[in-house]
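Asker: Right, I'll just put the structure down here and ask away after.
The values are calculated or read from the model by the stated rules, or taken from the named source; none is laboratory data. Treat the numbers as computed from the prediction; the structure is a model and nothing was measured. Note: ideal-geometry Cβ built from the backbone for every residue, glycine included; neighbour counts use all protein chains shown. Accessible surface is based on the protein model in full, side chains and every heavy atom, while ligands, DNA and RNA are left aside. Shrake-Rupley method; radii C 1.70, N 1.55, O 1.52, S 1.80 Å.
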Amino acid sequence: MPQDSQSSRRSFLKTSAAGAAAGMLTQQLFQANVHAAEETVLKVGLVGCGGRGTGAARDTLSADPNCKIVALADIFKDQAEAAQRQLKATEYADRVDVSPDRIYEGFDGYQQLIDSDVDIVLLATPPGFRPIQVEAAIKAGKHVFCEKPVAVDPVGCRRVYEAGNMAKENGLTLVSGLCWRYEDGMKETIGRIHDGAIGDIQAIYSTRFNAGVDKRQPRTAGMSDIEYQIRNWYYYTWLSADFFAEQFVHELDKISWLMQDVYPEKVLATGGRETRTGEENGNVFDHIAACFYYPSGVRYHAASRQQIGCTNEFQDFVVGTNGTADLMAYKINGPNEWKKRKNVNQMYHNEHVAMYDSIRNQKALNNTEYMVKSSLMGIMARMSAYTGKEVTWEQAWNSNLDLSPSGYTFESKPPETQVSVPGVSPLV
């Protein structure tokens with residue numbers, strides 16, 4: 001070997017040794033930082049202490065051994081105290097550390113919780129409150145888990161979208177409660193379809209027929225209109241977005257995922273009230289059927305019904321040029337026949353695992369795009385069903401429809417709750 005080459009080799013080895021040592025040090029420091037991050041106790045606050053909120057708190061405790069619930073907020077103190085008792089009765093009781101001064105009540109309770117020293121905010125209030133609460137949490141620099149849907153109207157959707165972009169800019173995690181995207185079996189099923197297992201998608205059908213929610217809290221003496229409606233939030237569009245947007249949004253998001261997050265150009269829907277009648281049922285419908293039109297020519301037929309005593313059905317069926325798929329059965333029919341054993345019990349847990357992984361490893365996870373747009377799909381279908389008119393994506397996204405009340409106090413007047421009449425009610 002020529003002398004200059006030997007010299008170069010000696011220099012290289014020397015440098016490599018130094019580099020290896022530096023690399024080992026870097027790796028040790030990285031591992032130490034990762035270990036420190038894993039050991040850091042993350043403080044969690046829950047806003048909205050009903051059944052779903054309490055469930056989300058339990059899911060979050062199951063997902064990470066070094067997190068704890070330190071604050072609860074609900075408009076109604078009795079709800080927050082009930083949630084605390086329920087969480088204290090779980091196997092995670094030792095990580096429920098909520099002192100009396102950390103139970104916040106009233107319409108500004110969410111802000112008091114956000115202003116405390118929590119690291120993560122779980123938002124599980126009725127959907128009508130989510131836009132202002134997502135925005136407040138992100139502005140305060142908190143990581144957020146937000147239940148579905150994110151809004152009840154287009155104005156709210158745009159507000160959450162802007163807050164989500166703010167989260168991206170600031171490296172904050174924003175995880176959606178649209179849990180099917182975190183379910184392993186569904187990921188494999190849709191992944192196979194994306195890989196061509198049924199050819200090109202031609203048409204999609206979803207049905208969700210069930211009895212729905214049938215629980216109401218009675219009106220007591222001195223209870224204001226707004227308190228009564230919030231305690232029975234599911235039956236009022238300004239709070240729930242109506243059942244098609246509030247519950248069927250899971251199917252809408254599943255299909256959005258299937259369509260690789262390409263959204264429909266327009267929707268035409270029908271709906272009404274046949275069994276969910278009377279003042280006690282607010283102004284929501286009990287059946288809605290919608291047809292979504294995609295740029296590719298694909299049509300997605302989606303129907304949901306909440307009526308007691310009827311035959312129930314729950315399915316998502318996809319027709320392709322080379323087979324069909326039953327998403328809820330995790331099954332593909334045709335030349336590429338395949339079936340997976342169902343395992344749907346972990347998705348609520350998985351979304352919280354993903355949230356903690358993103359926070360602890362400083363790789364912010366942001367679900368803004370699909371959580372807002374899938375919510376808008378439900379809202380635009382409701383707008384079409386309420387009016388009997390076709391609604392385009394552009395119309396919905398740019399609409400000034402805002403269902404917010406005049407104020408947020410127990411004396412505030414809630415929005416009008418008249419039942420919409422297709423062909424008569426205006427498209428706002």
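Asker: Restricting attention to region 362-403, report how many residues are out of contact with any helix residue (DSSP H, G or I) (no Cβ under 7 Å at 6 or more places or on another chain) and either of a type in the set (Ser, Thr, Tyr) or part of a loop (DSSP other than H, G, I, E, B) (or both).
Answerer: Count: 9.
Asker: Oh, and also: In region 54-96, what residues are among the β-branched types (Val, Ile, Thr), surrounded by fewer than 24 Cβ atoms within 10 Å (Cβ to Cβ), within 21 Å of Ile359 (Cβ to Cβ) and without any contact (Cβ under 8 Å) to a residue 40 or more places away in the chain? Break it down into steps so the answer makes sense when it comes.
Answerer: At the first step, the residues of region 54-96 found to be among the β-branched types (Val, Ile, Thr) are 54, 60, 69-70, 75, 90, 96.
Still in the list and also surrounded by fewer than 24 Cβ atoms within 10 Å (Cβ to Cβ): 54, 70, 90, 96.
Right, trim to within 21 Å of Ile359 (Cβ to Cβ) and you get 70, 96.
Selection gives Val96 alone.
Asker: Checking the condition surrounded by 15 or more Cβ atoms within 10 Å (Cβ to Cβ), in contact with a strand residue (DSSP E or B) (Cβ under 6 Å, 6 or more places away or on another chain) and either farther than 26 Å from Phe248 by Cβ or free of Cβ contacts under 8 Å to residues at least 40 places away in the same chain (or both), which residue from Gly320, Gly334 passes? Walk me through how you get there before you give the answer.
Answerer: Values: Gly320 fails: either farther than 26 Å from Phe248 by Cβ or free of Cβ contacts under 8 Å to residues at least 40 places away in the same chain (or both).
None of the others qualify; the one that does is Gly334.
Asker: Right, another one. Here are Gly51, Gly141: which of them is modelled with pLDDT under 95, open to solvent by 10 Å² or more (accessible area, probe 1.4 Å), of a type outside the set (Phe, Trp, Tyr) and closer than 25 Å to Leu178 by Cα? Spell out how you get there, then give the answer.
Answerer: Values: Gly141 fails: modelled with pLDDT under 95.
Checking each option against the conditions leaves just Gly51.
Asker: Please give the strands (runs of 3 or more DSSP E) falling wholly within region 95-178 in which 3 or more residues are of a type outside the set (Ser, Thr, Tyr). Can you show your working first?
Answerer: Numbers: elements: 103-105, 120-123, 143-146, 174-176.
Of the strands (runs of 3 or more DSSP E) lying wholly inside region 95-178, those with at least 3 residues that are of a type outside the set (Ser, Thr, Tyr) span 120-123, 143-146.
Asker: Only one of these conditions is not met by Tyr408: (1) open to solvent by 70 Å² or more (accessible area, probe 1.4 Å); (2) at negative phi; (3) under 22 Å from the mean Cα position of the chain (by Cα). Which number is it?
Answerer: (3)
Asker: Residue by residue through region 396-411, note down the ones that are in contact with a Pro (Cβ under 9 Å, 6 or more places away or on another chain) and in contact (Cβ under 8 Å) with a residue 60 or more places away in the chain. Quick ask: steps written out before the conclusion?
Answerer: Filtering region 396-411 for residues in contact with a Pro (Cβ under 9 Å, 6 or more places away or on another chain) gives 396-406.
Correct list: Ala396, Trp397, Asn398, Ser399, Asn400, Leu401, Asp402, Leu403, Ser404, Pro405.
Asker: Out of everything in region 190-216 that is among the basic types (Lys, Arg) and in a loop (DSSP other than H, G, I, E, B), what residue ends up being surrounded by the most Cβ atoms within 10 Å (Cβ to Cβ)?
Answerer: Within region 190-216, the first condition is being among the basic types (Lys, Arg), and the residues that meet it are 192, 208, 215-216.
Now drop any that are not in a loop (DSSP other than H, G, I, E, B), which leaves 215-216.
Details: Lys215: 8, Arg216: 14.
Residue satisfying both the conditions and the ranking: Arg216.
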